[in-house]
Amino acid sequence: DKLQDGVPDTIEMVQKAGIKLWVLTGDKIETAVNIGYSSKLLSDQIHQFIIDGTSSDDVFKQLRIAESKESLRKDFKKMGLIVSGDALLKIFTNETITPIFSGLVSKADVVLACRVSPKQKAEIVQMVREN
């Protein structure tokens with residue numbers, strides 16, 4: 001995909017204003033991350049956590065790692081979460097995992113949700129509104 005003129009500069013200004021950005025896309029993780037860098041949504045100053053586990057246990061462990069390292073983010077001023085649609089299935093169907101995810105995304109500066117369905121997009125929007 002080719003970005004429209006001015007998109008990277010606009011995103012950079014929005015971030016400098018303290019506005020958190022989320023991207024909910026059908027793209028695979030690698031594509032979304034590449035677009036994130038080219039659009040200046042992501043940078044080397046953002047500590048990125050990829051949540052792409054294929055089981056509830058994997059997703060739980062990845063979220064716990066991100067949660068523990070988030071509190072130690074001295075080297076990085078910002079945190080980004082990159083979440084796969086498969087991981088979101090586990091997150092929204094597990095009452096133990098959902099609050100961990102909700103807490104992390106509230107602290108994240110950037111969230112990229114990849115390979116998400118329209119239903120998952122609605123679930124994410126509902127979660128944000130409720131929290």
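The values are calculated or read from the model by the stated rules, or taken from the named source; none is laboratory data. Given the structure is predicted, the values throughout are model-derived calculations rather than measurements. Cβ coordinates were reconstructed from backbone atoms using ideal geometry, including for glycine residues, and neighbour counts include every protein chain displayed. Areas reflect the complete protein model, heavy atoms only, side chains present, ligands, DNA and RNA absent. Shrake-Rupley method; radii C 1.70, N 1.55, O 1.52, S 1.80 Å.
Using +1 on the beta carbon of Lys and Arg, -1 on that of Asp and Glu, and nothing else charged, what's the dipole of the chain about the Cα centre, debye to 20? Write out the running numbers ahead of the final one.
Values: 18 positive and 18 negative charges, 55 e Å.
Computed about the Cα centre, the dipole is about 260 debye.
Our note on the geometry: Cα centres of segment 105-131 and segment 3-58, 13 Å apart.
Listed cross-link partners Lys40/Lys77; Lys77/Lys107; Lys40/Lys90 are compared with a 19 Å cut-off, the Cα-Cα value being larger for Lys40/Lys90.
How much length is gained on full extension from Thr98 to Asp57, taking 0.36 nm per residue of separation minus their Cα-Cα distance? Mind showing how you got there, number by number?
Details: separation 41, 0.36 × 41 = 14.76 nm, distance 1.28 nm.
Stretched out fully, the Thr98 to Asp57 stretch lengthens by 13.5 nm.
Can you list the trypsin sites (Lys or Arg not before Pro) in segment 33-131 that are in a DSSP coil and have 15 or fewer other beta carbons within 10 angstrom?
On the way: sites: Lys40, Lys61, Arg64, Lys69, Arg73, Lys74, Lys77, Lys78, Lys90, Lys107, Arg115, Lys119, Lys121, Arg129; in loops: Lys40, Arg73, Lys74, Lys77, Arg115.
Answer in residue order: Arg73, Lys74, Lys77.
Per residue, the solvent-accessible area of the chain (1.4 Å probe, heavy atoms of protein chains only, all protein chains present) comes to 60 Å².
Under a 5 Å amide H cut-off, with hydrogens placed 1.01 Å from N, Leu21 pairs with Val111 among residues at least 5 apart or on other chains. As a fraction of the 1.4 Å probe accessible area of the chain, surface on carbon and sulfur atoms comes out at 52 percent. Annotation for Gln4 and Trp22: the two label points, set 7 Å from Cα along the Cα-Cβ direction, are 2.2 nm apart.
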